[in-house]
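The values are calculated or read from the model by the stated rules, or taken from the named source; none is laboratory data. The model shown is predicted, which means the values in this text are computed figures rather than measured ones. Every residue, glycine among them, receives a Cβ derived from its backbone with ideal geometry; neighbour counts consider all protein chains shown.
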Amino acid sequence: MPLGLWVALLAATPAFAVTVPDLYEISLPVGTSKDTAFSDALKAVVVRVSGRRDAAVRLGPALNNPRQYAQRFGVSSDNVLEVGFDSVAVDRLLTGAGLPVWGRERPQTLVLLSIENAAGSSYWVDNRANAADREAVARVARQRGLPIVWPDMDSQDRNQVTAGTPAALLQVAARYNANAALLGMGRRDAAGGMSVRWTLASEEGPGESTGSVEDGVHLAADTFARIYSASGSSLDSVALEISGIANLGTYASALNYLEAMTVVRSVSVEQVAGDTMRFRLAVRGDAAMLRRALALDGKLVPVTPADGAAPPADRLQFRFQP
């Protein structure tokens with residue numbers, strides 16, 4: 001696809017980030033011992049929060065006392081350990097080991113999965129039928145903290161998916177308020193095993209992998225974690241100019257929105273001119289990271305300079321869109 005057409009498509013495609021509220025919470029069967037379950041719980045959480053599948057291995061002995069990172073826990077009547085870990089402590093653990101932190105604001109992904117059985121007939125997994133296939137994908141998505149949504153697979157969906165182009169897949173995703181589309185073409189053998197060819201269409205361009213059902217989720221999660229996670233404990237100072245703030249209510253909405261972002265550590269007002277306010281943000285990462293995070297849900301729309309002029313180098317410019 002020509003670069004200009006790809007950029008135009010992305011500019012026209014709305015964004016729909018999802019805030020994942022339970023990144024630091026997990027439930028696991030106790031199994032042989034509560035200590036082992038605690039250790040497994042923390043290992044699972046650091047993978048989910050860092051976006052790195054090797055996070056537990058990288059942390060090594062730091063995971064020897066997992067209870068010190070727990071904020072609350074309990075064991076249910078059916079012997080399931082339910083733990084809520086302290087987000088600040090876990091983030092500090094990751095950054096101390098040189099691992100990134102992937103915030104709660106994450107791209108929503110539409111999963112488009114077609115499965116051909118051993119007899120040669122095929123079907124689409126949608127939001128109504130084939131619950132076992134949906135759960136196989138959803139289980140891994142929960143492990144990685146990847147928000148997913150399933151399609152209706154009506155005639156319009158089928159026609160666009162058949163085209164198979166990134167543009168067509170992103171158009172289907174937009175119908176379901178998703179940022180990206182993950183297309184899987186799977187074949188199940190007589191023994192019940194399945195191999196899937198996965199294609200990811202997202203703002204960063206296409207990605208591909210071949211393997212199991214789990215590998216498609218890993219493709220999407222690995223891609224987005226690489227783009228949206230931030231490493232290091234140092235903060236960068238970024239000027240953000242927002243227009244369209246016409247009254248106190250809009251100002252409060254914009255301020256609350258910025259303060260709720262995971263990458264933002266503090267917000268202060270530097271300047272007010274008409275309906276435009278300039279904020280000074282302390283962010284984890286840098287200006288590019290903040291720009292990508294802001295673009296996820298479309299509440300702030302990038303301002304394009306008039307007459308093709310270059311954007312200012314000293315600040316980001318957006319327009320508030322309630």
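Quick check on my filter: what residues within the range 92-129 are among the polar types (S, T, N, Q) and either in contact with an Asp or Glu (Cβ under 6 Å, 6 or more places away or on another chain) or farther than 20 Å from G51 by Cβ (or both)? Let's see the steps before the verdict.
Step one: of the range 92-129, the residues among the polar types (S, T, N, Q) are 95, 108-109, 114, 117, 121-122, 127.
Across the range 92-129, the qualifying residues are S114, N117, S121, S122, N127.
Report, by residue number, each residue of the range 113-129 that is assigned to a loop (DSSP other than H, G, I, E, B) and either on the phi > 0 side of the Ramachandran plot or of a type in the set (V, I, T) (or both).
G120
I need a count of the residues in the range 228-281 that are in contact (Cβ under 8 Å) with a residue 60 or more places away in the chain and among the charged types (D, E, K, R).
1
Within the range 222-265, can you find the residues that are more than 23 Å from V47 (Cα to Cα) and not in a helix (DSSP H, G or I)?
D236, S237, V238, A239, L240, E241, I242, S243, G244, I245, A246, N247
Hey, could you check the range 174-216 for residues that are touching a Pro at 6+ places or on another chain (Cβ under 9 Å) and outside any loop (DSSP other than H, G, I, E, B) and say which is surrounded by the most Cβ atoms within 10 Å (Cβ to Cβ)?
A181
Is there a residue in the range 171-193 that is polar (S, T, N, Q), in contact (Cβ under 8 Å) with a residue 12 or more places away in the chain and closer than 23 Å to N117 by Cβ?
No, that holds for no residue.
Within the range 68-91, can one find any residue that is closer than 23 Å to G184 by Cβ, hydrophobic (A, V, I, L, M, F, W, C) and surrounded by 14 or more Cβ atoms within 10 Å (Cβ to Cβ)?
For the range 68-91, residues closer than 23 Å to G184 by Cβ, hydrophobic (A, V, I, L, M, F, W, C) and surrounded by 14 or more Cβ atoms within 10 Å (Cβ to Cβ): absent.
Considering only the range 149-159, I want to know if a residue exists there that is assigned to a strand (DSSP E or B), under 16 Å from D215 (Cβ atoms) and within 19 Å of the chain's Cα centre (by Cα). If you could, list the steps in order and put the result at the bottom.
Of the residues in the range 149-159, the ones assigned to a strand (DSSP E or B) are 149.
Within this subset, residues satisfying the condition of being under 16 Å from D215 (Cβ atoms) are none.
Checking the range 149-159: not a single residue is assigned to a strand (DSSP E or B), under 16 Å from D215 (Cβ atoms) and within 19 Å of the chain's Cα centre (by Cα).
Among the residues of the range 228-253 satisfying the criterion of being surrounded by fewer than 16 Cβ atoms within 10 Å (Cβ to Cβ) and hydrophobic (A, V, I, L, M, F, W, C), which is modelled with the lowest pLDDT? Working first, answer last.
So in the range 228-253, the residues surrounded by fewer than 16 Cβ atoms within 10 Å (Cβ to Cβ) come out as 231-234, 237, 246-249, 252-253.
Going one step further and asking which of them are hydrophobic (A, V, I, L, M, F, W, C), we end up with 246, 248, 252.
Working: A246: 89, L248: 92, A252: 92.
Filtering the range 228-253 for residues that are surrounded by fewer than 16 Cβ atoms within 10 Å (Cβ to Cβ) and hydrophobic (A, V, I, L, M, F, W, C), the one modelled with the lowest pLDDT comes out as A246.
Out of the residues in the range 46-88 meeting the condition of being in a strand (DSSP E or B) and of a type in the set (G, A, S), tell me which one is nearest to the chain's Cα centre (by Cα).
Filtering first and then ranking leaves G84.
Checking V125 against (1) out of contact with any Lys or Arg (no Cβ under 8 Å at 6 or more places or on another chain); (2) within 19 Å of A201 (Cβ to Cβ), which single condition isn't satisfied?
(1)
Taking into account only those residues within the range 254-267 that are surrounded by 15 or more Cβ atoms within 10 Å (Cβ to Cβ) and either in contact with a helix residue (DSSP H, G or I) (Cβ under 7 Å, 6 or more places away or on another chain) or of a type in the set (S, T, N, Q) (or both), which is farthest from M289 (Cα to Cα)?
Filtering first and then ranking leaves V267.
Among the listed residues Y176, Y228, identify the single one that is of a type outside the set (D, E) and either assigned by TED's automatic domain parsing to the domain that holds V90 or under 13 Å from the mean Cα position of the chain (by Cα) (or both).
Residue meeting the stated conditions: Y228.
Among the residues of the range 18-54, which ones are farther than 26 Å from L110 by Cα and surrounded by fewer than 21 Cβ atoms within 10 Å (Cβ to Cβ)?
L28, P29, V30, G31, T32, S33, K34, D35, T36, S39, D40, K43
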